[in-house]
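Input: a single structure, listed below in C-alpha cells.
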Amino acid sequence: MKLFKYLIYLIILSILVVSFTPLKLYYSKVSKNLKPLQLEGISGSVVKGSAQSLKYLGLDVGQANWLMYPSSYNQMTLNLNVRDELYDFKGDFIIDTNNESLNNVLGTLDWSLIQKAINFNRGEMSGYVQFDFQYIEFKNRVPERIIGKAVTKDLKILKPINKEIGEIEVEFVSDNPSIIVGQVNSKSNVINVSGAIYIHKNHRWEVKLTLIPMPGEYEIAYAIQNIGDPRRGGGRSLNMAGFY
C-alpha cells in the first residue's frame with residue numbers, strides 16, 4: 001500500500017515538474033516526437049506557453065500560443081492560437097485514445113491569399129474570409145468529418161471599379177463516407193458564385209466553381225477574365241485540384 005502511494009506521489013510530482021519547467025530547456029530532446037511541427041523562440045512550459053514561430057512541414061505558419069489540460073481521464077485538450085499578419089486562427093485540439101479532432105475553430109484569412117491562388121490579376125480586391133467550424137475530426141491525419149462554414153466579409157473590388165461584391169459562403173457537410181463537400185453559394189447583386197469544394201479521403205482536394213456576372217456588370221466580367229476558363233453562355237469556370 002505504501003509503495004502504491006509513493007508511485008502516485010511520484011507521478012504527480014513528475015507532472016508538476018513537466019508543467020512548470022520551461023519547455024525550451026528540454027525541447028531539443030522531445031522535438032522529434034512533435035514532427036511535423038517545429039517551434040522556435042519558445043517561452044513558457046508545455047502546459048502554457050508561446051512560440052515566435054510555428055512551422056508545419058517546414059512552412060512557417062506564424063506565432064502561436066497554447067494552453068494544454070486534461071479534459072477527461074483519457075482525453076487531452078490543446079487550446080491553440082496561431083496568428084500572422086494575414087490570418088488568425090484559434091481552436092481546441094482534442095486528443096483521445098480513439099481519434100483527434102478540432103472543436104470551435106474560429107479565424108479570419110485575408111482575401112489577398114485567395115486572390116493569388118485563383119489568379120485574380122485584372123484588378124484589385126479587399127476583404128477577408130471568416131471561419132466558423134464547430135467540428136473537424138481526423139482519422140490517421142485525414143479529415144473524416146467537417147461541420148461548419150466559411151464566409152467572405154467586406155469583400156469588394158477596388159479596381160477597375162469600386163464595388164461591393166457581397167458574401168460568398170462555403171458550408172461543409174460530411175454525409176458521404178468517402179468525401180467531404182463544401183457547398184458554395186453567394187449573396188451578391190453583381191456576381192453569382194456557385195459550386196463546391198471537395199475533400200477526398202484519399203488525400204486529394206478539388207474546387208469546382210461557376211462565376212457568372214449579373215447582367216450589365218461589364219467591369220465585373222472584365223475583372224474575372226483571367227480566373228479559370230471561359231464558360232459557354234458567359235462567365236467563368238474555375239476548376240482546381242491537388243493533394244494534401
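The values are calculated or read from the model by the stated rules, or taken from the named source; none is laboratory data. Only a predicted model underlies this, so the values are computations on that prediction, with no experimental measurement involved. We place every Cβ from the backbone using ideal geometry, glycine too, and count neighbours over all the protein chains shown.
Check 72, 126 and return the single one that is polar (S, T, N, Q), surrounded by fewer than 17 Cβ atoms within 10 Å (Cβ to Cβ) and closer than 30 Å to residue 222 by Cα.
Numbers: 72 fails: closer than 30 Å to residue 222 by Cα.
Answer to the selection: 126.
Please state which one of 114, 94 is among the β-branched types (Val, Ile, Thr) and outside any strand (DSSP E or B).
After ruling out the rest, the residue left standing is 114.
Within the range 190-201, how many residues turn out to be farther than 19 Å from residue 233 by Cα and touching a residue at least 24 places away in the same chain (Cβ under 8 Å)?
3
Could you tell me whether the range 150-169 includes any residue that is more than 24 Å from residue 235 (Cβ to Cβ), among the aliphatic types (A, V, I, L, M) and touching a residue at least 12 places away in the same chain (Cβ under 8 Å)?
no
All but one of (1) assigned by TED's automatic domain parsing to the domain that holds residue 205; (2) out of contact with any His (no Cβ under 7 Å at 6 or more places or on another chain) hold for residue 89, so report the exception by its number.
Failed condition: (1).
So if I check each of 53, 112, which one is surrounded by fewer than 16 Cβ atoms within 10 Å (Cβ to Cβ), assigned by TED's automatic domain parsing to the domain that holds residue 145 and hydroxyl-bearing (Ser, Thr, Tyr)?
Criteria check complete, one pass: 112.
Need at least 2 residues that are more than 19 Å from the chain's Cα centre (by Cα) and at pLDDT below 95 per element, so show me which strands (runs of 3 or more DSSP E) inside the range 142-221 make the cut, counting only ones lying wholly within it.
Passing ranges, in order: 142-159.
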